[in-house]
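Below: the structure, in structure tokens.
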Amino acid sequence: MIMSEIILRINGAQVEVKTAATATLAEVLREELGFTGTKMMCNEGECGACTVLINGKPMLSCMTLAIDAQDKDILTIEGLADPVTGRLHPIQKA
């Protein structure tokens, strides 16, 4: 298995991770980095449970290779809370 070292910008923080070149962003977020708010349900791009914002646009992380998310701003459900007050976003409350 070919491993790649990549740098991702997640919720405003830069993270370096070593992962398989074929790993999806959902796999890396959940299994490597612990962002469990991103759910892996259908793994076919049908349900939307894995949706994250990439450069402000909703994307299915189960259909996006992690290596393709380099140099892009990734926002997960964990990143929606107000960073100053810690107040949850309405989506997080739901």
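The values are calculated or read from the model by the stated rules, or taken from the named source; none is laboratory data. Note that the coordinates shown come from a computational prediction; the quantities given were computed from them, not determined experimentally. Virtual Cβ from ideal backbone geometry, glycine too; neighbours counted across all protein chains shown. Please note that ligands, DNA and RNA were not included when accessible areas were found on the heavy atoms of the full protein model with its side chains. Shrake-Rupley method; radii C 1.70, N 1.55, O 1.52, S 1.80 Å.
Below are the figures for this structure:
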quantity: Restricting region 41-77 to residues that are in contact with a helix residue (DSSP H, G or I) (Cβ under 8 Å, 6 or more places away or on another chain) and touching a residue at least 60 places away in the same chain (Cβ under 8 Å), the residue that is nearest to Ala20 (Cα to Cα); calculated: Ala66
quantity: Residue within region 18-26 that is among the hydrophobic types (A, V, I, L, M, F, W, C), touching a Gly at 6+ places or on another chain (Cβ under 9 Å) and modelled with pLDDT of 90 or more present; calculated: no
quantity: Filter result (buried (at least 18 other Cβ atoms within 10 Å of the Cβ) and of a type outside the set (Gly, Ala, Ser)) within region 68-77; calculated: Ile74, Thr76, Ile77
quantity: Candidate set: region 78-88, residues that are open to solvent by less than 70 Å² (accessible area, probe 1.4 Å) and without any contact (Cβ under 8 Å) to a residue 12 or more places away in the chain; chosen: the one nearest to Thr36 (Cα to Cα); calculated: Ala81
quantity: Residues of region 19-61 classified as in contact with a Pro (Cβ under 9 Å, 6 or more places away or on another chain) and crowded, with 17+ Cβ neighbours inside 10 Å, total; calculated: 2
